[in-house]
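K.L.:
I am attaching a structure below and will ask some questions about it afterwards.
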Amino acid sequence: SLCLAIYFSTKHTQYWCSLLFTPFGCLARFALMSRYNKNLPGFPLGTFSCNLLSCALSGSLGSLLAGNPGPEESILLTSMIAGFAGSLSTFATFIVEILSLVDPIIFKFDGMVYAGITILWAVIIGFVGSQAKNWADEA
């Protein structure tokens, strides 16, 4: 019982909250990938949407976190970024799909196009999401 008391202390609250959000990110990723990855043969739309949604959530929640929230709000926002958005993004699947879409023997470089488009849109969406709080404050 002493071990449980140590792990349930306030220092570990953020880790436990992150673990609560993680399954929902995994389920959302599974649903998006299984539904949309087969729509375009040379472009995995499900993985693309998972990664961009994760960038949007990380950017917007990160900007709220930079606004100096209280301790409970800070734990909740950080847990949502690490738990939900972290498990929603699919870096390993992203790399595997890039490599599967590249075949240098037949000069098929769809993976490079997919990587470039994903990185470009991730930067744009992350920037817009991180600036949303500043824009709302000015209005």
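The values are calculated or read from the model by the stated rules, or taken from the named source; none is laboratory data. Bear in mind the structure is a predicted one, so any value in this text is a computation, not a measurement. With ideal geometry, Cβ positions are generated from the backbone for all residues, glycine too; neighbour counts draw on all protein chains shown. When the accessible area is computed, the model is the full protein with side chains, heavy atoms only, and any ligands, DNA or RNA have been set aside. Shrake-Rupley method; radii C 1.70, N 1.55, O 1.52, S 1.80 Å.
K.L.:
Is the stretch 69-129 best put as rounded, prolate or oblate by its Cα gyration tensor, with a ≥ b ≥ c the root eigenvalues, rounded for a/c under 1.5, and otherwise prolate when a/b is larger than b/c, oblate when not?
P.N.:
It is oblate, given that a/c is not under 1.5 and a/b is not larger than b/c.
K.L.:
Another question, if that's okay. Please check: in the Gaussian network model of the chain (C-alpha springs, under 10 Å), which one of SER18, SER100, SER58 has the largest mean-square fluctuation.
P.N.:
Of SER18, SER100, SER58, the Gaussian network model singles out SER100 as fluctuating most.
K.L.:
Please give the calculated 222 nm ellipticity per residue for the chain, where each DSSP H segment of at least 4 residues contributes -39500 (n - 2.57) and the sum is spread over every residue; nearest 500 deg cm²/dmol?
P.N.:
-24000 deg cm²/dmol
K.L.:
Follow-up. For the stretch 51-93, with every protein chain kept in place, what is the accessible area per residue (1.4 Å probe, Å²)?
P.N.:
47 Å²
K.L.:
Calculate I(q)/I(0) for the chain by the Debye formula, one identical point scatterer on each C-alpha and no solvent, and give its log10 at q = 0.09, 0.15, 0.21 Å⁻¹ to two decimals.
P.N.:
So the normalised log intensities work out to -0.36, -0.82, -1.19.
K.L.:
Where is the GNM fluctuation largest for the chain (alpha-carbon springs, 10 angstrom cutoff): ALA82, ALA92, ALA115?
P.N.:
ALA92
K.L.:
Please list, in chain and number order, the residues 5+ apart from VAL102 or on another chain whose amide H is under 5 Å from its amide H, with Hs placed from the backbone.
P.N.:
GLY111
K.L.:
Label the stretch 40-109 by shape, choosing from rounded, prolate and oblate, from the square roots a ≥ b ≥ c of the eigenvalues of the Cα gyration tensor; if a/c is under 1.5 it is rounded, and otherwise prolate applies when a/b is larger than b/c, oblate when it is not.
P.N.:
Here the stretch 40-109 falls in the prolate category.
K.L.:
If one computes the Cα centroid of the stretch 89-108 and of the stretch 47-78, what distance in Å separates the two points?
P.N.:
Between the Cα centres of the stretch 89-108 and the stretch 47-78 lies a distance of 28 Å.
K.L.:
Here is a further query. Filter the chymotrypsin sites (Phe, Trp or Tyr not before Pro) in the stretch 32-133 down to the DSSP loop ones having no more than 11 other Cβ atoms within 10 Å, then list what survives.
P.N.:
Values: sites: TYR36, PHE48, PHE84, PHE91, PHE94, PHE107, PHE109, TYR114, TRP121, PHE127; in loops: PHE107.
Taking the stretch 32-133 and a limit of 11 other Cβ atoms within 10 Å, the loop chymotrypsin sites (Phe, Trp or Tyr not before Pro) found are PHE107.
K.L.:
If you roll a 1.4 Å probe over the chain with all protein chains in place, what percent of the accessible area is carbon or sulfur?
P.N.:
Carbon and sulfur: 73 percent of the exposed surface of the chain.
K.L.:
For a Förster distance of 41 Å, can you work out the FRET efficiency between the beta-carbons of SER100 and GLU72, rounded to the nearest 0.05?
P.N.:
Efficiency for this residue pair is about 0.40.
K.L.:
So what are the ³J(HN,Hα) numbers for the stretch 45-59, from phi and the Karplus equation (6.51, -1.76, 1.60; θ = phi - 60°), rounded to whole Hz, Gly and Pro as x?
P.N.:
Those phi angles translate into 5, x, 5, 4, 5, 4, 5, 6, 5, 5, 5, 5, 5, 5, x Hz.
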